[in-house]
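Input: a single structure, listed below in structure tokens.
The values are calculated or read from the model by the stated rules, or taken from the named source; none is laboratory data. No experiment lies behind these values; they were computed from the predicted model shown. A quick note on method: Cβ atoms are made from the backbone with ideal geometry, for glycine too, and the neighbour counts reach across all protein chains shown.
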Amino acid sequence: MYLPGVCRMSPRLSLKASKESPGLTKEIRREKFKTAGDKQNEQELFDELKNRFLSFKRNNYLENLEEYEKLAKGQAPKFMVIACADSRVCPSVILGFQPGEAFMVRNVANLVPPYESGPSETNAALEFAVNSLEVENILVIGHSCCGGIRALMSMQEGSDDSSFIKSWVRVGKNASISTKATASNLSFDQQCRHCEKESVSRSLSNLLTYPWIEERVMRGLLSLHGGYYDFVDCSFEKWTLDYMGSSLKEKAGGGKHATKNHSFWR
């Protein structure tokens, strides 16, 4: 059960892929709704996927065959979307993206590393989307009850980076520092919610550290947007980075950039 503003985490957690204590990992995963004894039969799961695929083919693909034949020849999406890998946050479902409309990347906590961090699957996708597909909009979507952000906020200064999770979420360190400085009077859950939005804004600033992204933003060919999906009350907040309205210090990487066009969808 979800309570507004409350994101309960499970104490029964483990991390097999890297050498990490349960202390951090328990901030990543939610309480399971099924016990091990209730595990659904694997064949039943794939039978369900088969039925869904055949339904898609019958009711969508064949009904829109001409459009899919166009897509088979190439793609020209207007959006690149960077969202969290969380199973409850699917941009195509909540925003109704259709095939060919959005080039998507999903990672833990919807983070964008700065240019100087070096190669990653996220900036490789950015390079392809911006330089090859020439998307006109990049939308970074954060969300409520984010386990990755909760892990980031739980990390102690000076802790080692022995896990894949720690190494990755550390990309959002500036958002965590800013949150703890400005929202120290709030509860931990409220601080996490603050950081969920702060990390989106920091990722937008990180996007501008890529020369080819900043160049297209300066020319008015590319816009950078932030979004926040609250699945507890099903609301969506959207804003746009205001490059021209930002100070020289902000443009030089001194902090968050100015924003504009805030809107709330309820």
(request) Working carefully through the options Ala72, Ala109, Ala76, find the one that is among the small types (Gly, Ala, Ser), in contact (Cβ under 8 Å) with a residue 12 or more places away in the chain and farther than 28 Å from Gly220 by Cβ. (result) Ala109
(request) Select from the stretch 230-242 the residues that are in contact with a Lys or Arg (Cβ under 9 Å, 6 or more places away or on another chain) and assigned to a loop (DSSP other than H, G, I, E, B) and list them in ascending order. (result) Phe231, Asp233, Cys234, Asp242
(message) Condition first: buried (at least 24 other Cβ atoms within 10 Å of the Cβ) and in contact with a Gly (Cβ under 8 Å, 6 or more places away or on another chain). Can you find one or more residues in the stretch 175-189 that meet it?
(response) no
(request) Determine whether Phe103 is in contact with a Pro (Cβ under 7 Å, 6 or more places away or on another chain) and in a loop (DSSP other than H, G, I, E, B). (result) no
(request) Would you mention how many residues in the stretch 93-120 are more than 21 Å from Val171 (Cα to Cα) and either surrounded by fewer than 20 Cβ atoms within 10 Å (Cβ to Cβ) or β-branched (Val, Ile, Thr) (or both)? (result) 9
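Answer yes or no as to whether Val169 is β-branched (Val, Ile, Thr) and in contact with a strand residue (DSSP E or B) (Cβ under 7 Å, 6 or more places away or on another chain). Walk me through it before giving the result.
Details: β-branched (Val, Ile, Thr): yes; in contact with a strand residue (DSSP E or B) (Cβ under 7 Å, 6 or more places away or on another chain): no.
So Val169 does not fit the description; no.
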(request) Please go through the stretch 77-91 and pick out each residue that is over 13 Å from the mean Cα position of the chain (by Cα) and either part of a loop (DSSP other than H, G, I, E, B) or over 15 Å from Gly226 (Cα atoms) (or both). (result) Pro77, Lys78
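Has the stretch 243-266 got at least one residue that is acidic (Asp, Glu), farther than 18 Å from Ser154 by Cα and modelled with pLDDT under 95?
Going through the stretch 243-266, the residues acidic (Asp, Glu) turn out to be 250.
Restricting the remaining residues to those that are farther than 18 Å from Ser154 by Cα gives 250.
After this cut, where a residue has to be modelled with pLDDT under 95 as well, the list is 250.
Yes, because at least one residue in the stretch 243-266 is acidic (Asp, Glu), farther than 18 Å from Ser154 by Cα and modelled with pLDDT under 95.
Let's see how each residue does on (1) under 19 Å from Ser199 (Cα atoms); (2) assigned by TED's automatic domain parsing to the domain that holds Phe236; (3) hydroxyl-bearing (Ser, Thr, Tyr):
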site: Tyr61; (1), (2), (3): no, no, yes
site: Asn64; (1), (2), (3): no, no, no
site: Gly100; (1), (2), (3): no, yes, no
site: Glu121; (1), (2), (3): yes, yes, no
site: Ala124; (1), (2), (3): no, yes, no
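Can you go through Ser144, Ser163, Ser159, Ser176 and tell me which one is modelled with pLDDT of 95 or more and farther than 24 Å from Cys234 by Cα? Talk me through it step by step, then tell me what you get.
Details: Ser144 fails: farther than 24 Å from Cys234 by Cα; Ser163 fails: modelled with pLDDT of 95 or more; Ser159 fails: modelled with pLDDT of 95 or more.
Just one listed residue meets the conditions, Ser176.
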(request) Give me a count of the residues in the stretch 121-147 that are surrounded by fewer than 16 Cβ atoms within 10 Å (Cβ to Cβ) and among the small types (Gly, Ala, Ser). (result) 2
(message) Go through (1) closer than 30 Å to Asp233 by Cβ; (2) basic (Lys, Arg); (3) at pLDDT 95 or above for Arg8 and report which single condition fails.
(response) (3)
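Going by the structure shown, is Tyr228 assigned by TED's automatic domain parsing to the domain that holds Gly118 and within 18 Å of the chain's Cα centre (by Cα)? Can you show your working first?
Working: assigned by TED's automatic domain parsing to the domain that holds Gly118: yes; within 18 Å of the chain's Cα centre (by Cα): yes.
It is true that Tyr228 is assigned by TED's automatic domain parsing to the domain that holds Gly118 and within 18 Å of the chain's Cα centre (by Cα).
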